[in-house]
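The values are calculated or read from the model by the stated rules, or taken from the named source; none is laboratory data. Here the structure is a predicted model, which means the values were calculated and not measured. Note: ideal-geometry Cβ built from the backbone for every residue, glycine included; neighbour counts use all protein chains shown. Heavy atoms of the whole protein, side chains included, go into the accessibility calculation; ligands, DNA and RNA do not. Shrake-Rupley method; radii C 1.70, N 1.55, O 1.52, S 1.80 Å.
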Amino acid sequence: IDPQVDFHPGGSLAIPTANDDAGRLADLIRQNQNVIDDIHISLDSHNKGHIATGVFWTNADETKQPDPFTIIPCADIKSGIWKPVNPEHMEAVLDYTQKLESVRGDEYKLIIWPEHCIIGTGGHEVVPPVKTACAEWEREREKKVNYHMKGMNNMTEMYSILKAEVPVDKATELNTALLDTFSQYDMLIVGGQAMSHCVRYSVTDLLRNWKKDNATMILLSDGASAVPGFESSAQDFIKECKDKRVRVLTVSECNTLLKEKEKESEREREREREKKREEAGGEVGTVEKQGEKEETCEKGCCAIC
């Protein structure tokens, strides 16, 4: 989830420990290339003038725009403390903030963020360690990473990879096709930035719509960090995941699990080879063919008689 430059040290919305998280995620990918079947990366993708940035808003006498991390509740818009720079947006922002607060209650109101992950800027890019590990995985597996851009509608926040906080058009509604794709995997491993926001709301939306055992989902406890000031939100989320039987593992613990899965896959392949030997009535050898190993019968005349 959102392993982008702007969320890492030096970025406009930097999380101090994000580089450590990215390094561990990259190592996990690199050490388990043969076990990881697919990689999906969400990209927070904004344009200038988003509703959650200061340039969208002004105060009552139009002399000041809100600073980053300002909270704008619906009540402050109604009272005139804050208003959209474009008065044509007034009806939309009142509707949006009312719906937002009804979804999250006191837990969440509109927050102004520093401009971040602007499309076309360096801050929108995947952070180098993860980007490099993914490129190596693509070459090894001859597959491509699946990228999912979110947050491009200026009139709503979209923390989750699956849907906006308040859907305002089809593109911000629940992505059922992506949900179905995730449901096909026997294990879904989640990390990225930030534990308090985009990771949290992505997993929350997954759990609300998950038809499988929650234990098939793994949250990497040291593969994501909270936005500074929102640590308690991240801790509440981790506790909620544990209560709902999501497996909360360190990257090291997950690596051990994947290595065991790789061994089990090899044992399964060996069982299949043994079955073919029995069906062939003889020993099965191997021959090299165009750089690949192919099973043959004991006479060596064919793949399997």
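Filter the range 165-201 down to the residues that are polar (S, T, N, Q) and open to solvent by 30 Å² or more (accessible area, probe 1.4 Å) and list them by number. Don't jump to the end; show me each part of the working.
The initial filter retains those residues of the range 165-201 that are polar (S, T, N, Q), namely 172, 175-176, 181, 183-184, 193, 196.
Those that are polar (S, T, N, Q) and open to solvent by 30 Å² or more (accessible area, probe 1.4 Å): Asn175, Thr176, Thr181, Ser183, Gln184.
Within the set of pairs 6+ apart or on separate chains, which have a first residue in the range 1-16 that is of a type in the set (Ser, Thr, Tyr), a second that is in a loop (DSSP other than H, G, I, E, B) and surrounded by fewer than 19 Cβ atoms within 10 Å (Cβ to Cβ), and C-beta atoms under 7 Å apart?
Taking only residues 6 or more apart or on different chains, the pairs are Ser12/Pro114.
Report yes if Lys64 is modelled with pLDDT of 95 or more, part of a loop (DSSP other than H, G, I, E, B) and either exposed (fewer than 12 other Cβ atoms within 10 Å of the Cβ) or more than 25 Å from the chain's Cα centre (by Cα) (or both), otherwise no. Spell out the reasoning first.
Values: modelled with pLDDT of 95 or more: yes; part of a loop (DSSP other than H, G, I, E, B): yes; either exposed (fewer than 12 other Cβ atoms within 10 Å of the Cβ) or more than 25 Å from the chain's Cα centre (by Cα) (or both): yes.
So Lys64 fits the description; yes.
Among Val145, Val168, Val203, which is under 23 Å from Ala14 (Cβ atoms) and of a type in the set (A, V, I, L, M)? Please lay out each step first, then the result.
On the way: Val145 fails: under 23 Å from Ala14 (Cβ atoms); Val168 fails: under 23 Å from Ala14 (Cβ atoms).
Matching residue, one of Val145, Val168, Val203: Val203.
Step by step: first the residues of the range 12-33, then only those that are of a type in the set (S, T, N, Q) and within 23 Å of Arg139 (Cα to Cα), then the one that is least open to solvent (accessible area, probe 1.4 Å). Which residue is that?
Restricting attention to the range 12-33, the residues satisfying the condition of being of a type in the set (S, T, N, Q) are 12, 17, 19, 31-33.
Right, trim to within 23 Å of Arg139 (Cα to Cα) and you get 31-33.
Working: Gln31: 89, Asn32: 2, Gln33: 33 Å².
The qualifying residue least open to solvent (accessible area, probe 1.4 Å) is Asn32.
Between a residue in the range 229-251 that is closer than 13 Å to Asp213 by Cα and any residue that is of a type in the set (Gly, Ala, Ser), which pairs come within a Cβ distance under 9 Å, given they are 6 or more apart or on different chains?
Going by the 9 Å Cβ cut-off, the qualifying pairs are Arg245/Ala215; Val246/Ala215; Arg247/Ala215.
Results for (1) under 20 Å from Ala164 (Cα atoms); (2) open to solvent by 80 Å² or more (accessible area, probe 1.4 Å); (3) modelled with pLDDT under 95, shown as yes or no for each residue.
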{"site": "Trp82", "(1), (2), (3)": "no, no, no"}
{"site": "Pro87", "(1), (2), (3)": "no, yes, no"}
{"site": "Ala92", "(1), (2), (3)": "yes, no, no"}
{"site": "Gly105", "(1), (2), (3)": "yes, no, yes"}
{"site": "Ile118", "(1), (2), (3)": "yes, no, no"}
{"site": "Gly123", "(1), (2), (3)": "no, no, no"}
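Among the residues of the range 49-61, is there at least one that is in a helix (DSSP H, G or I), open to solvent by 50 Å² or more (accessible area, probe 1.4 Å) and of a type in the set (A, V, I, L, M)? So that I can check it myself, show each step before the final result.
First, the residues of the range 49-61 that are in a helix (DSSP H, G or I): 54-56.
Subset that is open to solvent by 50 Å² or more (accessible area, probe 1.4 Å): 55.
Add one more test, that the residue is of a type in the set (A, V, I, L, M), and what stays is 55.
Within the range 49-61 (the criterion being in a helix (DSSP H, G or I), open to solvent by 50 Å² or more (accessible area, probe 1.4 Å) and of a type in the set (A, V, I, L, M)), the answer is yes, since at least one residue qualifies.
From (1) open to solvent by 80 Å² or more (accessible area, probe 1.4 Å); (2) outside any loop (DSSP other than H, G, I, E, B); (3) at pLDDT 95 or above, pick out the condition that doesn't hold for Val130.
(1)
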